[in-house]
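Working notes, structure below.
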Amino acid sequence: MQRFTDLSEIEWIKNGIAKATPETLGTVSRLIPPIFPAYVKVFHPIYEDLTVEDAQLSWQDHAKLADEFASAKPGDTLATILNSCTMVYGGPGPDAQLVPLRWRALCDALGMPYAPTLSVWSFTRRFAGGSWPKRLIGPDEGNLAPPERDALISILRRHTPSAHCFFHLWLLATEIMEDLVFRATLAEAAAFPDEVPDARLTPTHWFPEDRSWLVCSDYDLTFTLVGGSELLAQDLLDSQALECVRVYPNTRIDSRADIPDPL
């Protein structure tokens, strides 16, 4: 794996994404250039923690019982901050028993449409006070879980004649707040982030030398976008290991994507 600070290999992405206009803001085309035949959104996994028996307990309720809330004295800065915040969701504890929960299944349970504009905020707006049930572990931002990452690598391999790929980490995806670019084999994508020095998240962009596809895991999104051939898109949509929906360059992906614009 070769490491670069020269960003010339990703200039085509910067130059190819749609210019910021009222029509393009918050759309797929602002993260992936609108040059590919097909686009897919890969949802990061949600889990259900079977050790949480109280289905009504929210993450906010749980946070109020945590030590930092209990130790905060009324009137001090910490108390003011904590009391004005809402804990949307957190991560699993050491004794958690996790089972995957599909986004579609959660949509069905909440009576929500399963649509390309679906985001984690779609669910958050449905939960009382904007806090998820403690029984649910929400999806990671900017990070593909190892099983989904490996499934994506396996599918990409069938559509990658190039021997090497490039991996770009935007500065907020690194520990050193600097953009980094790596040249490595597709198999080495599994090393990110844990085995790559200074990497904090899944690479922001990855693509083969022939640029026949592009993967984007933005640091604050709970899904990954893929642009490529129709055959690649169909392979992703057919995967049992990944949960995917088809999107388009003009599909909105911001936090209010599924809220209709006022007339």
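Just checking, which of Asp95, Asp108 is modelled with pLDDT of 95 or more and either surrounded by fewer than 11 Cβ atoms within 10 Å (Cβ to Cβ) or farther than 25 Å from Gly26 by Cβ (or both)? Let's see the steps before the verdict.
Working: Asp95 fails: modelled with pLDDT of 95 or more.
It is Asp108.
State which residue is nearest to the chain's Cα centre (by Cα) when the search covers only the range 215-231 and only residues that are closer than 14 Å to Tyr39 by Cβ and either open to solvent by less than 10 Å² (accessible area, probe 1.4 Å) or of a type in the set (Val, Ile, Thr) (or both).
Only one residue fits best here, namely Phe223.
List pairs: first residue in the range 13-40 and on the phi > 0 side of the Ramachandran plot, second residue part of a loop (DSSP other than H, G, I, E, B) and of a type outside the set (A, V, I, L, M) anywhere in the structure, Cβ distance under 9 angstrom, at least six positions apart or on different chains.
From residues that are on the phi > 0 side of the Ramachandran plot, the pairs are Gly26/Asp254; Gly26/Ser255; Gly26/Arg256.
Those residues that are of a type in the set (A, V, I, L, M), modelled with pLDDT of 95 or more, open to solvent by 10 Å² or more (accessible area, probe 1.4 Å) and out of contact with any Lys or Arg (no Cβ under 9 Å at 6 or more places or on another chain), I need them from the range 232-263; list them, please.
Hit for the range 232-263 is Ala241, nothing else.
Before we move on, is Gly75 at pLDDT below 95 and closer than 30 Å to Val226 by Cα? Reasoning before the result, please.
Details: at pLDDT below 95: yes; closer than 30 Å to Val226 by Cα: no.
Spelling it out, it is not the case that Gly75 is at pLDDT below 95 and closer than 30 Å to Val226 by Cα.
The values are calculated or read from the model by the stated rules, or taken from the named source; none is laboratory data. Remember, predicted model here, so these are calculated numbers, not experimental data. Virtual Cβ from ideal backbone geometry, glycine too; neighbours counted across all protein chains shown. All accessible areas refer to the heavy atoms of the entire protein, side chains included, with ligands and DNA or RNA removed. Shrake-Rupley method; radii C 1.70, N 1.55, O 1.52, S 1.80 Å.
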